[in-house]
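Colleague: I have a structure here, written as structure tokens, and I will follow up with some questions on it.
The values are calculated or read from the model by the stated rules, or taken from the named source; none is laboratory data. Bear in mind that the values here come from a model prediction, so they are computed numbers and not experimental data. Here the Cβ is made from the backbone with ideal geometry for all residues, glycine too, and neighbour counts use every protein chain on show. SASA here: full protein model, heavy atoms, side chains in, ligands and nucleic acids out. Shrake-Rupley method; radii C 1.70, N 1.55, O 1.52, S 1.80 Å.
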Amino acid sequence: DENRLPNAPSLNIVCVYGHGLQTERSYWYARGEYVQDDTMADSDRPQCHSMSECTSPQSDFPMARVSYIDFSMTDNNAVPKLRNGVKVGEGDGTVSLLSLGAMCVEGWRRKRWNPGGVKITTHEVAHEPEAYHLRGGASSGDHIDILGGTPLNEIVGKVATGAGDEVEERIISNIREYASRIDWDGDLDPDYVF
């Protein structure tokens, strides 16, 4: 099932998130050896009347395989970059830009997920940390530090006092381009989609 915004035309949603930090996006995994694990073979009795009757023999067949991030994989020319088995892209240092903004700039603007025409405003906060400030200061776009930053607090103040319509759309990233490449309706050319 898909979740839709409520059919509430008077509702306004303001998406605020940071941008400008390298963020883990995905991982390059390697497979290791097959190993024994705690998986038990099926019991020869389909029903158990007490726990002591439900014991099963340990299988001699390996049932698990070790997987790990392959730290040997690095490609700084790839898009997104691959460093030590980690694909690094845009975001707020914790959440990728695509996860932060795609629904805000595209998905929730479609009738399919926004049947009531809820107004969506997206406001990206650039990560512009203050020099010599351990947490980035008032202009940080970091995932956690944004909570104490001036831009977010000004927006929260406007929304809380009924002046949310004064919050301006501010897009500083390429999220619109990225969101346009998502196959929202299943009809895009596969070579064009992420």
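Colleague: Report the paramagnetic label zone for residue 94: residues of region 14-32 whose backbone N is under 20 Å from a point 7 Å from Cα along the Cα-to-Cβ axis.
Modeller: 14-27
Colleague: So, one more: FRET efficiency for residue 131 and residue 166, Cβ-Cβ distance as r, R0 = 35 Å, nearest 0.05?
Modeller: 0.70
Colleague: Using a 1.4 angstrom probe and counting only protein chains, how large is the accessible area of residue 154 in Å², to 10?
Modeller: In the full protein context, residue 154 sits at about 110 Å².
Colleague: Cut-off under 24 Å on the C-alpha distance; same-chain residues fewer than 8 positions from residue 119 excluded. Which lysines are left, in chain and number order?
Modeller: 111, 158
Colleague: Also: How large is the convex hull of the C-alpha atoms of region 128-192 per residue, in Å³?
Modeller: Hull volume over Cα atoms, normalised by residue count, gives 142 Å³.
Colleague: Counting only residues 5 or more places away or on other chains, whose amide H sits under 5 Å from the amide H of residue 91 once H atoms are built in the peptide plane?
Modeller: The list, which skips near neighbours in sequence, is 20, 21, 23, 97.
Colleague: Using r as the Cβ-Cβ distance of residue 182 and residue 138, and R0 as 35 Å, what FRET efficiency do you calculate, to the nearest 0.05?
Modeller: After rounding, the FRET efficiency stands at 0.55.
Colleague: Another one. So who's got an amide H within less than 5 Å of the one on residue 83, skipping anything under 5 residues away but keeping other chains? H placed 1.01 Å off N, in plane.
Modeller: 75, 88
Colleague: Between residue 76 and residue 147, what is the spin-label point distance in nm, taking each point 7 Å from the Cα along the Cα→C-beta axis?
Modeller: Here the answer is 3.5 nm between the modelled labels.
Colleague: Now for a separate question. From the protein chains alone at 1.4 Å, what is the descending order of accessible area for 140, 26, 10, largest first?
Modeller: Descending accessible area places them as 10, 26, 140.
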